[in-house]
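**Student:** Questions regarding the structure given below will be posed in turn.
The values are calculated or read from the model by the stated rules, or taken from the named source; none is laboratory data. Here the structure is a predicted model, which is why all the values come from computation and not from measurement. Every residue, glycine among them, receives a Cβ derived from its backbone with ideal geometry; neighbour counts consider all protein chains shown.
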Amino acid sequence: MKNWGKIFAGTRLEKQVEAAFVPVWCELITKGLRPGDGWTIVRDRIAHRAANEVVRRFLKTDCDTLFMVDSDADFGPELLGQFRDYEEGWQYDALQAFYVRRGWPPEAIWITPTGDGRYLHNIVIHPDACAPVAVIGTHCALFRREIFETMLTEHPEIDKESFDWFYYPRHGVETEDSMLSNEARRLGFKLGATTHVKAGHISKVIVAWETYQEYLAINRDAIMKQIVQTDIEVNNPLVELIAEETGETIEVVKEKILNGSKNVRQAWKNPKGAEEVRKFYGDGPHYLYDLAAWNISEYYREITDPLKEVKGKRVLIVGAGIGGEAVLMADANQVDCFELPGQLKEFGKKRLGEKVQYLDGETVMEAVHGEYDLIVMVDVVEHIHPDEFDQTMDHLANHGKDFYIHANFGQQDLYPMHYDHKKLFQAWQERFGLKQEGNYAFTREKQLSE
């Protein structure tokens with residue numbers, strides 16, 4: 001990993017610059033810069049044009065990194081030193097300091113992709129976190145020179161004196177920050193955010209890390225109540241079941257649930273081959289926490305709500321996880337579940353009891369027999385090792401009439417175990433004459449019995 005090198009600080013002066021920003025900027029350029037650094041101010045231009053002018057001026061210097069800061073940011077002169085010396089952040093090509101949206105209530109600008117073109121606004125708790133994100137805001141962020149130069153080479157027909165790195169799309173809701181971020185990610189650059197470096201947002205009140213944590217503390221009971229009540233019975237809460245399974249306190253389990261995918265990323269050690277990948281999913285409690293966080297999310301509920309309408313069917317749930325889909329379907333259907341042998345499967349069996357039947361077998365090919373009206377696979381397809389993809393999916397196609405599938409082939413930064421099977425998945429659909437109806441339903445043009 002290389003450091004940020006010489007830094008060029010740039011800001012855009014809005015029409016009405018916050019008075020509190022003046023000493024912030026003055027202290028930055030007098031106390032925060034190091035030999036070889038530079039700075040600039042752009043004024044009398046609308047926001048995205050001013051941002052592009054900052055970039056043009058930066059590229060005319062020999063500096064390695066652009067530090068962009070908005071004229072309503074609040075921080076001390078030591079911030080830039082913290083930023084540039086933070087070695088964990090060097091793995092990224094652009095790195096954003098923690099900040100919250102202007103005004104009240106505070107909302108963290110910490111945005112990750114869902115894998116299907118949507119974005120999630122995350123709750124951020126850890127005071128020294130560093131993680132990949134989908135969008136970098138210009139409020140307080142570092143950008144390596146290569147990002148802007150590579151974008152220029154992608155469009156040789158446009159003169160660099162009129163090139164727009166930041167722009168607003170016509171008829172769109174995206175910001176100039178998100179458009180730059182989207183193209184940077186498309187070109188392979190890594191975007192990250194950290195709470196190691198924290199900037200405030202000047203408004204009627206200055207909202208910063210402390211304010212945001214106060215806001216979370218006020219609402220924590222409501223958040224945790226939502227977690228606790230997500231289960232098949234109100235008196236049998238999910239958090240207590242996980243605590244009983246792991247031997248941890250309820251508070252520790254709650255904290256790990258709020259950390260979501262971090263639990264899985266830390267456990268993933270790049271297993272080799274299909275057998276090692278299956279063993280990863282069977283070993284350890286990491287997926288209990290991550291799946292609990294996923295199952296309480298609004299996005300998961302949006303995906304799985306249509307399953308509540310399925311009644312009187314013979315259903316197979318592949319990759320049953322902690323039992324979220326089974327909870328929705330067991331009372332009105334005959335439900336079989338397949339999960340890889342290990343702690344996750346045993347937890348699901350304890351949670352669901354006699355409501356469903358768990359199939360025995362190391363693989364889908366060993367376990368699945370007979371014919372099912374519907375096979376449900378929510379965020380499972382992307383976890384199948386490439387060596388077993390065709391065999392697994394073909395076997396299921398031979399035993400299911402219809403399918404309900406949500407797949408996330410992206411988010412490799414957050415989930416390094418995701419495989420991009422888009423082409424294989426499309427070929428499988430075509431091979432078995434599966435027509436997509438709606439977002440996640442796949443129906444055979446010719447049924448098995450025909």
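**Student:** Out of the stretch 174-210, which residues are among the β-branched types (Val, Ile, Thr) and either closer than 18 Å to residue 51 by Cα or surrounded by fewer than 17 Cβ atoms within 10 Å (Cβ to Cβ) (or both)?
**Tutor:** The answer is 175, 205, 206.
**Student:** Same structure, new question: For the stretch 161-173, enumerate the residues that are surrounded by 14 or more Cβ atoms within 10 Å (Cβ to Cβ) and more than 22 Å from residue 16 (Cα to Cα).
**Tutor:** Just the residues of the stretch 161-173 that are surrounded by 14 or more Cβ atoms within 10 Å (Cβ to Cβ), to begin with: 163-168.
Passing the criteria: 163, 164, 165.
This table checks each residue for (1) in contact with a strand residue (DSSP E or B) (Cβ under 9 Å, 6 or more places away or on another chain); (2) of a type in the set (A, V, I, L, M, F, W, C); (3) not in a strand (DSSP E or B).
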site	(1), (2), (3)
270	no, no, yes
276	no, no, yes
281	no, no, yes
289	no, no, yes
303	yes, yes, yes
311	no, no, yes
340	no, yes, yes
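**Student:** In addition: For the stretch 111-127, check the following and say yes or no: at least one residue is over 20 Å from the mean Cα position of the chain (by Cα) and crowded, with 16+ Cβ neighbours inside 10 Å.
**Tutor:** no
To keep it simple, each residue is scored yes or no on (1) in contact (Cβ under 8 Å) with a residue 40 or more places away in the chain; (2) among the basic types (Lys, Arg); (3) buried (at least 20 other Cβ atoms within 10 Å of the Cβ).
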| position | (1), (2), (3) |
| --- | --- |
| 36 | no, no, no |
| 41 | no, no, no |
| 55 | yes, no, yes |
| 58 | yes, no, yes |
| 61 | yes, no, no |
| 64 | yes, no, no |
| 88 | yes, no, no |
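**Student:** Right, next: Restricting the first residue to the stretch 328-346 and requiring it to be of a type in the set (Val, Ile, Thr), which pairs with a second residue that is part of a strand (DSSP E or B) meet a Cβ separation below 7 Å and a spacing of at least six or different chains?
**Tutor:** 335/315; 335/317
**Student:** Within the stretch 90-122, which residues are assigned to a loop (DSSP other than H, G, I, E, B) and farther than 28 Å from residue 420 by Cβ? Give the derivation first.
**Tutor:** So the first thing to find is which residues in the stretch 90-122 are assigned to a loop (DSSP other than H, G, I, E, B), and the list is 92-93, 99, 101-107, 109-110, 114-118, 122.
Those that are assigned to a loop (DSSP other than H, G, I, E, B) and farther than 28 Å from residue 420 by Cβ: 99, 101, 102, 103, 104, 105, 106, 107.
**Student:** Here is a list of conditions, (1) under 23 Å from the mean Cα position of the chain (by Cα); (2) closer than 22 Å to residue 54 by Cα, and residue 168 meets all of them except one; can you say which number that is?
**Tutor:** (1)
**Student:** Given the stretch 356-450, what strands (runs of 3 or more DSSP E) lie entirely inside it while holding 2 or more residues that are in contact with a helix residue (DSSP H, G or I) (Cβ under 7 Å, 6 or more places away or on another chain) and modelled with pLDDT of 90 or more? Before the answer, list the steps.
**Tutor:** Numbers: elements: 372-378, 400-406, 434-437, 441-444.
Counting at least 2 such residues, we get 372-378, 400-406.
**Student:** Being in the same structural domain as residue 166 (by TED's automatic domain parsing), closer than 18 Å to residue 199 by Cα and buried (at least 20 other Cβ atoms within 10 Å of the Cβ): is that true of residue 73 here? Don't jump to the end; show me each part of the working.
**Tutor:** Numbers: in the same structural domain as residue 166 (by TED's automatic domain parsing): yes; closer than 18 Å to residue 199 by Cα: yes; buried (at least 20 other Cβ atoms within 10 Å of the Cβ): yes.
In short, yes.
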